[in-house]
Amino acid sequence: MATAVPAERDAVARAFPGPFHEVALPGATLRRAAGCDLLAAGVGPARSAASTAAALTAAALGGTPYDLVVCAGIGGGFPPGAPVASLVVADEITAADLGAETADGFLPVTELGFGTVTHRPPETLVRGIAAATGARTGTVLTVSTVTGTAARADALRARHPRALAEGMEGFGVAEAAAAHHVPVLEIRAVSNPVGPRDRAAWRVGDAFAALTEGFGKLAPLLTSWNPHEP
């Protein structure tokens with residue numbers, strides 16, 4: 001299954017040609033084609049987690065559980081590691097703002113003694129995707145509020161020095177996948193630099209083109225991947 005918001009879903013769909021039919025789920029609708037189900041999961045970690053969980057639960061109850069969940073979309077890139085129109089595949093999917101603010105700074109929820117903040121996709125699959133598409137590999141952060149200032153970007157990089165990109169759905173999708181013991185990937189095409197909010201600098205069309213091209217190259221890898229590989 002690949003999960004994305006509608007525009008990203010259409011970019012992913014071009015890599016899986018063939019007729020689609022729709023499958024209604026509680027709160028979501030799948031587009032099903034041979035070898036892949038596409039889900040417009042919604043914006044933000046809560047909505048994406050709920051939509052992905054609905055799809056995973058329906059598949060499990062129907063006796064056809066998924067082997068892999070892919071969260072695909074566009075997002076912000078941390079310069080210079082992830083320039084605009086580049087492709088990033090996460091080797092870590094991390095919730096950047098799940099925790100508590102203290103007088104001494106931010107504490108992730110894990111340091112409060114519960115929960116998790118990071119999911120790690122299968123290493124062999126991440127390496128294969130990077131080799132097939134030229135994608136950069138690193139941490140992709142999930143945020144509930146898009147970064148819009150240099151101070152916020154600097155704070156995120158200080159806490160997460162391996163971060164290459166930020167999005168709003170990956171951790172939610174990963175949490176749902178983990179609850180079903182299904183591996184997860186996150187792939188982002190960079191539409192804008194992480195930092196001061198400047199809509200004039202966004203290149204959404206170029207990011208969609210990069211996402212479409214990337215999925216065209218990795219579709220055979222996804223469909224042939226052995227889920228028992230680490």
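Can you tell me the relative contact order of segment 90-179? Whole percent, Cα pairs under 8 Å, sequence separation 6 or more. Intermediate results must be reported in sequence, preceding the final value.
Working: 122 pairs, mean separation 30.2, N = 90.
It comes to 34 percent, rounded to a whole number.
Between Leu185, Leu164, Leu125, find the one with the highest GNM mean-square fluctuation for the chain; connect C-alpha pairs within less than 10 Å.
Leu125
How big, on average over all directions, is the shadow cast by the Cα convex hull of the chain, in nm²?
The number I arrive at for the chain is 12.3 nm².
For Val23 and Arg120, what does the FRET efficiency come to when R0 = 25 Å and r is the distance between their Cβ atoms, rounded to the nearest 0.05?
0.25
Dipole magnitude of segment 70-133 about its Cα centre, charges +1 at Lys/Arg Cβ and -1 at Asp/Glu Cβ only, in debye to the nearest 20?
Numbers: 2 positive and 7 negative charges, 69 e Å.
Approximately 340 debye in magnitude.
Can you give the accessible area per residue of the chain, in Å², using a 1.4 Å probe?
Per-residue accessible area for the chain comes out at 45 Å².
How much of the DSSP beta bridge set in the chain is antiparallel, as a percent to the nearest 5?
Counting DSSP beta bridges with both partners in the chain, the antiparallel share is about 45 percent.
In segment 34-59, whose amide N lies under 16 Å from the spot 7 Å out along Cα-to-Cβ of Ala179? List them in ranges.
Taking a point 7 Å out along Cα→Cβ of Ala179, the residues of segment 34-59 whose backbone N falls under 16 Å are 41-42, 44-59.
If you roll a 1.4 angstrom probe over the protein chains with everything in place, what fraction of the accessible area of the chain belongs to carbon and sulfur, to the nearest %?
That fraction is 57 percent.
Ignoring ligands and nucleic acids, what accessible area does Glu175 show with a 1.4 Å probe (Å², nearest 10)?
The value for Glu175 is about 70 Å².
Helix 123-133 versus the longest principal axis of the chain: what is the Cα-based angle in degrees, 0 to 90, to the nearest 10?
90
Could you work out how much longer the chain between Leu112 and Ala60 gets when fully extended? Use 0.36 nm per residue separation minus the Cα distance between them, nm to one decimal.
15.4 nm
The values are calculated or read from the model by the stated rules, or taken from the named source; none is laboratory data. Just so we're clear, the structure is a prediction, and the values are computed from it rather than from any experiment. For neighbour counting, all protein chains shown are included, and Cβ atoms are generated from backbone atoms with ideal geometry for every residue, glycine included. SASA here: full protein model, heavy atoms, side chains in, ligands and nucleic acids out. Shrake-Rupley method; radii C 1.70, N 1.55, O 1.52, S 1.80 Å.
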